[in-house]
Amino acid sequence: MKKVFISIAIVAVAAMTGCGSKTAKGVDNEPQELVESEATTASDESKTVEAVEAQVRKMYDRLNDMDKNGIINIHQLEDEFCSSYYLGLRNAIGKALKDATGDDQMFFGDEEGFRFLTGMPTPLEIDIIKADLLKGDMAQAQVRFKGADEEIGFMRLEMQLENGEWRVKNFDQPEVFGPGGYVKMMEDFALEHGISYKGAKSAKGTEAEEE
(Lines give C-alpha, C1' and ligand atoms only; values in the text may rest on other atoms or scores of the structure.)
Protein backbone atom coordinates (compact mmCIF):
# COMPACT_ATOMS: atom_id res chain seq x y z
CA MET A 1 0.00 0.00 0.00
CA LYS A 2 2.81 2.40 0.77
CA LYS A 3 4.32 1.94 -2.70
CA VAL A 4 0.98 2.69 -4.37
CA PHE A 5 0.52 5.81 -2.28
CA ILE A 6 4.01 7.08 -3.13
CA SER A 7 3.44 6.47 -6.82
CA ILE A 8 0.20 8.43 -6.75
CA ALA A 9 1.89 11.26 -4.88
CA ILE A 10 4.67 11.45 -7.49
CA VAL A 11 2.14 11.55 -10.33
CA ALA A 12 0.17 14.27 -8.55
CA VAL A 13 3.28 16.39 -8.01
CA ALA A 14 4.29 15.94 -11.64
CA ALA A 15 0.83 17.00 -12.78
CA MET A 16 0.92 20.06 -10.53
CA THR A 17 4.38 20.97 -11.81
CA GLY A 18 3.13 20.71 -15.38
CA CYS A 19 0.18 23.00 -14.64
CA GLY A 20 2.49 25.42 -12.91
CA SER A 21 4.75 25.68 -15.92
CA LYS A 22 1.79 26.44 -18.18
CA THR A 23 0.64 29.21 -15.89
CA ALA A 24 4.13 30.68 -15.70
CA LYS A 25 4.30 30.87 -19.49
CA GLY A 26 0.88 32.51 -19.67
CA VAL A 27 -0.63 29.61 -21.61
CA ASP A 28 -3.21 28.57 -19.05
CA ASN A 29 -3.81 31.22 -16.37
CA GLU A 30 -7.60 31.40 -16.65
CA PRO A 31 -8.28 29.78 -13.22
CA GLN A 32 -6.31 32.53 -11.43
CA GLU A 33 -8.16 35.23 -13.35
CA LEU A 34 -11.44 33.55 -12.42
CA VAL A 35 -10.52 33.56 -8.71
CA GLU A 36 -9.59 37.25 -8.85
CA SER A 37 -12.81 38.05 -10.70
CA GLU A 38 -14.92 36.20 -8.11
CA ALA A 39 -13.14 38.01 -5.26
CA THR A 40 -13.79 41.38 -6.91
CA THR A 41 -17.43 40.51 -7.46
CA ALA A 42 -17.84 39.47 -3.81
CA SER A 43 -16.25 42.74 -2.69
CA ASP A 44 -18.51 44.76 -4.99
CA GLU A 45 -21.60 42.95 -3.69
CA SER A 46 -20.62 43.82 -0.11
CA LYS A 47 -20.36 47.52 -0.93
CA THR A 48 -24.06 48.04 -1.63
CA VAL A 49 -26.93 49.55 0.31
CA GLU A 50 -28.66 46.16 0.02
CA ALA A 51 -25.78 44.49 1.86
CA VAL A 52 -25.94 47.11 4.63
CA GLU A 53 -29.69 46.69 4.99
CA ALA A 54 -29.41 42.89 5.00
CA GLN A 55 -26.86 42.99 7.82
CA VAL A 56 -29.05 45.28 9.94
CA ARG A 57 -32.03 42.96 9.43
CA LYS A 58 -29.83 39.97 10.32
CA MET A 59 -28.77 41.70 13.55
CA TYR A 60 -32.34 42.36 14.66
CA ASP A 61 -33.48 38.90 13.60
CA ARG A 62 -30.77 37.59 15.91
CA LEU A 63 -31.95 39.88 18.73
CA ASN A 64 -35.56 38.70 18.31
CA ASP A 65 -34.40 35.08 18.21
CA MET A 66 -32.59 35.60 21.53
CA ASP A 67 -35.72 37.21 22.95
CA LYS A 68 -37.84 34.27 21.82
CA ASN A 69 -35.48 31.90 23.64
CA GLY A 70 -35.68 33.80 26.91
CA ILE A 71 -32.72 36.18 27.16
CA ILE A 72 -31.14 38.93 25.06
CA ASN A 73 -27.37 38.80 25.50
CA ILE A 74 -26.19 42.29 24.51
CA HIS A 75 -22.52 41.35 24.93
CA GLN A 76 -22.94 38.46 22.50
CA LEU A 77 -24.81 40.65 20.01
CA GLU A 78 -21.91 43.10 20.07
CA ASP A 79 -19.41 40.28 19.51
CA GLU A 80 -21.36 39.13 16.47
CA PHE A 81 -22.19 42.46 14.86
CA CYS A 82 -19.91 45.27 16.09
CA SER A 83 -16.61 46.43 14.59
CA SER A 84 -13.19 45.49 15.94
CA TYR A 85 -12.64 49.11 17.02
CA TYR A 86 -15.88 49.12 19.01
CA LEU A 87 -15.09 45.76 20.61
CA GLY A 88 -11.53 46.73 21.48
CA LEU A 89 -12.73 49.89 23.19
CA ARG A 90 -15.54 48.04 25.00
CA ASN A 91 -13.17 45.30 26.19
CA ALA A 92 -10.62 47.81 27.48
CA ILE A 93 -13.30 49.57 29.53
CA GLY A 94 -14.70 46.26 30.75
CA LYS A 95 -11.28 45.11 31.92
CA ALA A 96 -10.64 48.40 33.74
CA LEU A 97 -14.01 48.17 35.51
CA LYS A 98 -13.33 44.58 36.52
CA ASP A 99 -9.82 45.35 37.80
CA ALA A 100 -10.83 48.49 39.71
CA THR A 101 -10.73 48.27 43.51
CA GLY A 102 -11.39 50.63 46.41
CA ASP A 103 -10.99 54.28 45.43
CA ASP A 104 -10.53 53.24 41.81
CA GLN A 105 -14.16 52.09 41.49
CA MET A 106 -15.75 53.28 38.24
CA PHE A 107 -19.18 52.94 36.73
CA PHE A 108 -20.15 52.93 33.07
CA GLY A 109 -23.89 52.56 32.49
CA ASP A 110 -26.25 51.22 29.83
CA GLU A 111 -26.52 47.76 31.32
CA GLU A 112 -29.95 47.36 29.71
CA GLY A 113 -28.53 47.56 26.20
CA PHE A 114 -30.57 50.59 25.19
CA ARG A 115 -28.25 51.09 22.21
CA PHE A 116 -29.88 48.03 20.59
CA LEU A 117 -33.39 48.25 21.99
CA THR A 118 -34.30 51.96 21.47
CA GLY A 119 -36.38 51.83 24.66
CA MET A 120 -39.08 49.72 23.01
CA PRO A 121 -40.39 46.33 24.15
CA THR A 122 -39.27 43.28 22.19
CA PRO A 123 -39.66 41.84 19.65
CA LEU A 124 -38.50 44.77 17.51
CA GLU A 125 -40.09 44.90 14.07
CA ILE A 126 -38.20 46.89 11.44
CA ASP A 127 -40.50 49.22 9.51
CA ILE A 128 -38.06 51.11 7.25
CA ILE A 129 -34.28 51.07 6.68
CA LYS A 130 -32.52 53.85 4.78
CA ALA A 131 -28.86 53.03 4.08
CA ASP A 132 -26.23 55.34 2.59
CA LEU A 133 -22.73 54.38 1.49
CA LEU A 134 -20.14 56.89 2.71
CA LYS A 135 -16.50 57.30 1.71
CA GLY A 136 -14.19 54.33 2.01
CA ASP A 137 -15.63 51.33 3.80
CA MET A 138 -18.15 53.26 5.87
CA ALA A 139 -21.94 53.44 5.67
CA GLN A 140 -24.86 54.75 7.69
CA ALA A 141 -28.19 53.07 8.31
CA GLN A 142 -31.23 54.85 9.68
CA VAL A 143 -33.79 52.40 11.03
CA ARG A 144 -37.40 52.96 12.02
CA PHE A 145 -39.10 50.35 14.21
CA LYS A 146 -42.79 49.64 14.53
CA GLY A 147 -44.21 48.58 17.86
CA ALA A 148 -47.49 47.79 19.54
CA ASP A 149 -50.07 50.61 19.88
CA GLU A 150 -48.45 52.43 16.94
CA GLU A 151 -45.28 52.96 18.95
CA ILE A 152 -42.37 54.10 16.80
CA GLY A 153 -38.64 53.87 17.56
CA PHE A 154 -35.55 55.11 15.71
CA MET A 155 -31.93 54.03 15.49
CA ARG A 156 -29.02 55.45 13.52
CA LEU A 157 -26.05 53.13 12.98
CA GLU A 158 -22.58 53.89 11.66
CA MET A 159 -21.38 50.79 9.81
CA GLN A 160 -17.86 49.69 8.85
CA LEU A 161 -16.94 47.04 6.28
CA GLU A 162 -14.58 44.44 7.77
CA ASN A 163 -13.56 41.27 5.92
CA GLY A 164 -16.49 41.62 3.54
CA GLU A 165 -19.10 42.08 6.30
CA TRP A 166 -20.77 45.27 7.53
CA ARG A 167 -20.36 45.73 11.27
CA VAL A 168 -21.65 48.42 13.63
CA LYS A 169 -18.98 50.91 14.62
CA ASN A 170 -21.23 53.35 16.45
CA PHE A 171 -24.78 53.80 17.71
CA ASP A 172 -25.26 57.47 16.91
CA GLN A 173 -28.30 59.06 18.54
CA PRO A 174 -27.48 62.59 19.79
CA GLU A 175 -30.72 62.84 21.77
CA VAL A 176 -29.75 59.71 23.73
CA PHE A 177 -25.95 59.48 23.76
CA GLY A 178 -25.02 63.12 23.06
CA PRO A 179 -22.91 64.41 20.15
CA GLY A 180 -20.77 61.66 18.61
CA GLY A 181 -22.92 58.76 19.75
CA TYR A 182 -22.21 55.78 21.99
CA VAL A 183 -18.59 55.28 20.90
CA LYS A 184 -17.84 58.91 21.82
CA MET A 185 -19.27 58.19 25.28
CA MET A 186 -16.90 55.23 25.64
CA GLU A 187 -13.93 57.21 24.34
CA ASP A 188 -14.63 60.08 26.77
CA PHE A 189 -14.97 57.61 29.66
CA ALA A 190 -11.67 55.95 28.73
CA LEU A 191 -9.92 59.31 28.51
CA GLU A 192 -11.34 60.53 31.82
CA HIS A 193 -10.19 57.40 33.67
CA GLY A 194 -6.86 56.92 31.91
CA ILE A 195 -7.91 53.72 30.18
CA SER A 196 -5.66 52.82 27.27
CA TYR A 197 -7.47 51.11 24.41
CA LYS A 198 -4.80 51.33 21.74
CA GLY A 199 -4.08 47.81 20.52
CA ALA A 200 -6.86 46.34 22.67
CA LYS A 201 -8.09 42.98 21.43
CA SER A 202 -11.63 42.40 20.27
CA ALA A 203 -13.56 39.24 21.11
CA LYS A 204 -12.41 37.71 17.82
CA GLY A 205 -8.78 38.67 18.37
CA THR A 206 -8.67 41.62 15.97
CA GLU A 207 -6.59 44.59 17.04
CA ALA A 208 -8.45 47.87 17.47
CA GLU A 209 -6.22 50.89 16.91
CA GLU A 210 -6.94 54.14 18.71
CA GLU A 211 -8.16 56.76 16.25
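Worth pointing out:
- Residues whose amide H lies under 5 Å from that of R167, counting only those 5 or more places away or on a different chain, are Q160, L161, E162; hydrogens are built 1.01 Å from N in the peptide plane.
- These residues, I129, I72, go from largest to smallest accessible area, 1.4 Å probe, as I72, I129.
- The overall shape of segment 68-132 is prolate: from the C-alpha gyration tensor, with semi-axes ordered a ≥ b ≥ c, the ratio a/c is 1.5 or greater and a/b exceeds b/c.
- Stokes-Einstein translational diffusion, segment 89-179 - Kirkwood Rh over all Cα pairs, 0.890 mPa s, 25 °C, in µm²/s: 159
The values are calculated or read from the model by the stated rules, or taken from the named source; none is laboratory data. Small disclaimer: the values here were computed from a predicted structure and weren't measured. Just so you know, the surface numbers come from the protein's heavy atoms only, side chains and all, with ligands and any DNA or RNA stripped out. Shrake-Rupley method; radii C 1.70, N 1.55, O 1.52, S 1.80 Å.
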